[in-house]
1. Need the failing condition index for Arg9 against (1) in contact with a Leu (Cβ under 9 Å, 6 or more places away or on another chain); (2) at pLDDT 95 or above; (3) of a type in the set (D, E, K, R), just the number.
2. I'd like the full set of residues that are within 20 Å of Leu121 (Cβ to Cβ) and in contact with a Lys or Arg (Cβ under 7 Å, 6 or more places away or on another chain), limited to the range 24-76.
3. Given the conditions (1) within 13 Å of the chain's Cα centre (by Cα); (2) in a helix (DSSP H, G or I), report the number of the one that Glu56 does not fulfil.
4. Does at least one position in the range 61-69 carry a residue that is within 22 Å of the chain's Cα centre (by Cα) and on the phi < 0 side of the Ramachandran plot?
5. It is to be established whether one or more residues within the range 94-106 are in contact with a strand residue (DSSP E or B) (Cβ under 6 Å, 6 or more places away or on another chain), surrounded by 11 or more Cβ atoms within 10 Å (Cβ to Cβ) and at pLDDT 95 or above.
6. Please work out if Gln24 is farther than 30 Å from Val135 by Cβ and not hydrophobic (A, V, I, L, M, F, W, C).
7. Only residues that are without any contact (Cβ under 8 Å) to a residue 12 or more places away in the chain and of a type in the set (D, E, K, R): list them for the range 91-110, please.
8. State which residue pairs qualify: first residue touching a residue at least 12 places away in the same chain (Cβ under 8 Å) and closer than 13 Å to His118 by Cα and inside the range 43-59, second residue in a helix (DSSP H, G or I) and among the hydrophobic types (A, V, I, L, M, F, W, C) in any location, beta carbons under 6 Å apart, and separation of 6 or more residues or different chains.
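The values are calculated or read from the model by the stated rules, or taken from the named source; none is laboratory data. The model shown is predicted, which means the values in this text are computed figures rather than measured ones. Counting neighbours? That spans all protein chains shown, and the Cβs are built from the backbone with ideal geometry, glycine included.
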Amino acid sequence: MERQAAYLRNALFDQGYLDEQFLQLEDLQDETNPHFVEEVVKLFYTDSVRLIQSIELTLKNTPRDFEKLDKIMHQFKGSSTSIGAKKVKKECTQFQEYCNVGNVEGCIREFQEVKQEHAALKRKLENYFQVFHVVHVACKRSSLSHLHNDYSDAK
């Protein structure tokens, strides 16, 4: 199971979904807060849903407010950067480039790409965290078993 968790994690980097920022988040995780990274990622997804809805509403308005779209996407890109969501960040940048030239079709098309990469990363991270939980629980049980055996041997 540990190998599967390592494989899933490495695949996220190899496939370009994550960058070194994710590693920095992992460095902040320890035994006192073993789910720190997952909690940060959950906050990202909670916030990003709000931003996606805001972009969808703004894209429906005519005339299009490209300045507002760029501002919202800038927030989304910043959040993506903070968790190391490399592909999402790349698509956010492309969306902003279309905003800068006032290309409505480009914005709409690229927004679909942003949402697609966002959803793909979410699925992949959920799979990884699910396996991570199993490994973490197994390691805890193993440690507790060793402690129990050590205590029994001491009697």
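1. Every condition holds for Arg9 apart from (2).
2. Within the range 24-76, Tyr45, Ile52 qualify.
3. Glu56 satisfies all of (1) within 13 Å of the chain's Cα centre (by Cα); (2) in a helix (DSSP H, G or I) except (1).
4. Yes, the conditions are met somewhere in the range 61-69.
5. no
6. For Gln24, the condition - farther than 30 Å from Val135 by Cβ and not hydrophobic (A, V, I, L, M, F, W, C) - is not met.
7. Matches in the range 91-110: Glu97, Glu105, Arg109.
8. From the range 43-59, the pairs are Phe44/Ile83; Leu51/Ile72; Leu51/Phe76.
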